[in-house]
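The values are calculated or read from the model by the stated rules, or taken from the named source; none is laboratory data. Model, not experiment: these values are computed from the prediction. Neighbour counts run over all protein chains shown; Cβ positions are idealised from the backbone, glycine included. For the accessible areas, the whole protein counts, side chains as well, though only heavy atoms, and no ligand, DNA or RNA atoms are used. Shrake-Rupley method; radii C 1.70, N 1.55, O 1.52, S 1.80 Å.
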Amino acid sequence: MAIDPDAAVTHLNDLGLTLELESTEEVPNGDIFCWATLSRGGVAAPYTFLGTRRVRLADARGALVLAGDRPLLLWTHHIPPKTADALRRAGIQYADEAGNAHIEFGDVLVDIRGRRPSGPAPQSPTTTATNLFSTSRSQIVFALLAWPALWKAPQREIAQASGVSVGLVNDTLRLLHGSGYDLPASGRRSGALLDHWAAAFPSGLAPRLRLADFHGDIDVENLRGTSIYISGESAVRDVIRPATLTIYVDDLTQPDGPSLPILNRWRTDGTMNVFVRRKFWRDPGAEERPSEPRRLSPWPLVYADLLATGDPRLRTVAQDLRDHEA
């Protein structure tokens, strides 16, 4: 059973607040994610509304990334005291059916704690959504987002593109089907898949791919080495001046030569601004194109890396990239 956004409207009205939700859309796991406005008297503020049946701080932080410049308003059945403390520290506002709330905008402050639900909690939602964005399955979802033609390709080709086993591809496609992410991978449904994948990326797949962080020159034109894929803000340097360099490589070593840190004189002291991650994918069309020492990472990865910074200016660039590519 999906979360009921109308219950949030009614509950907040009882607290003297008016909640207006814009174009609510239920995603396959039953969550609601949409723009919203909270107001009281003559004071109003824009929010991003997340209605969910189960609160996990990692998921809430991922939603906070997608919320952009708007504060995040979380609505659920019940938020335990420890979780409520963590949400406040993370800057996430919330309200629950039990009557707890922490909401702050303009001169409005609502802070209610310690209330318990009057009835039994709803059954835990299916774990399908969580399973879809585990680290290995995230690689498969990434490949399908980056190369939509793979939706119709043999599972062996999907496995090669995403760097996982055929068995895991079979299982992930089954989960995608069960979650409502079916062919064609386009329109609003594919947008939801991209958003959920990008939200899970910073705390899921990204840490697993980390090879090393360095301090050094971030000018792509001075970057030395082969088979380097550029991502993050350095991949959109035509529209913004980058402050960091994020790259994906097979390994820090280089064939028949010094390693990447030595080649580029990267250091392990100072402020880290060069982030090196493991390249896990194989571009299905790479063999048909001439080899290049440096190329851009697939756009969904650039999009996720931009969002993961938490920088408002980069979130704007990320949205422009999505509008152009999706």
_Of the conditions (1) within 18 Å of the chain's Cα centre (by Cα); (2) among the polar types (S, T, N, Q); (3) assigned to a helix (DSSP H, G or I), residue 246 satisfies every one except a single condition; which number is it?_
(3)
*Starting from residues that are farther than 19 Å from residue 243 by Cα, at pLDDT 95 or above and not hydrophobic (A, V, I, L, M, F, W, C), keep the ones in the range 263-322 and report whichever is most open to solvent (accessible area, probe 1.4 Å).*
278
*Is it the case that the range 181-196 has a residue that's buried (at least 19 other Cβ atoms within 10 Å of the Cβ), at positive phi and part of a helix (DSSP H, G or I)?*
no
*Pairs only if they're at least six apart or on different chains, beta carbon under 7 angstrom, first in the range 238-252 and more than 17 Å from residue 206 (Cβ to Cβ), second open to solvent by 10 Å² or more (accessible area, probe 1.4 Å) and hydroxyl-bearing (Ser, Thr, Tyr); list them, first residue then second.*
250/227; 252/259
*Residues being among the hydroxyl-bearing types (Ser, Thr, Tyr) and at pLDDT 85 or above: count how many of those fall in the range 21-47.*
3
*Return the only residue of 286, 308 being under 23 Å from residue 139 (Cα atoms), small (Gly, Ala, Ser) and out of contact with any Phe, Trp or Tyr (no Cβ under 7 Å at 6 or more places or on another chain).*
286
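Could you please find all residues in the range 68-95 being assigned to a helix (DSSP H, G or I) and under 19 Å from the mean Cα position of the chain (by Cα)? Steps first, please.
Taking the range 68-95 first, the residues assigned to a helix (DSSP H, G or I) are 81-89.
Correct list: 87 only.
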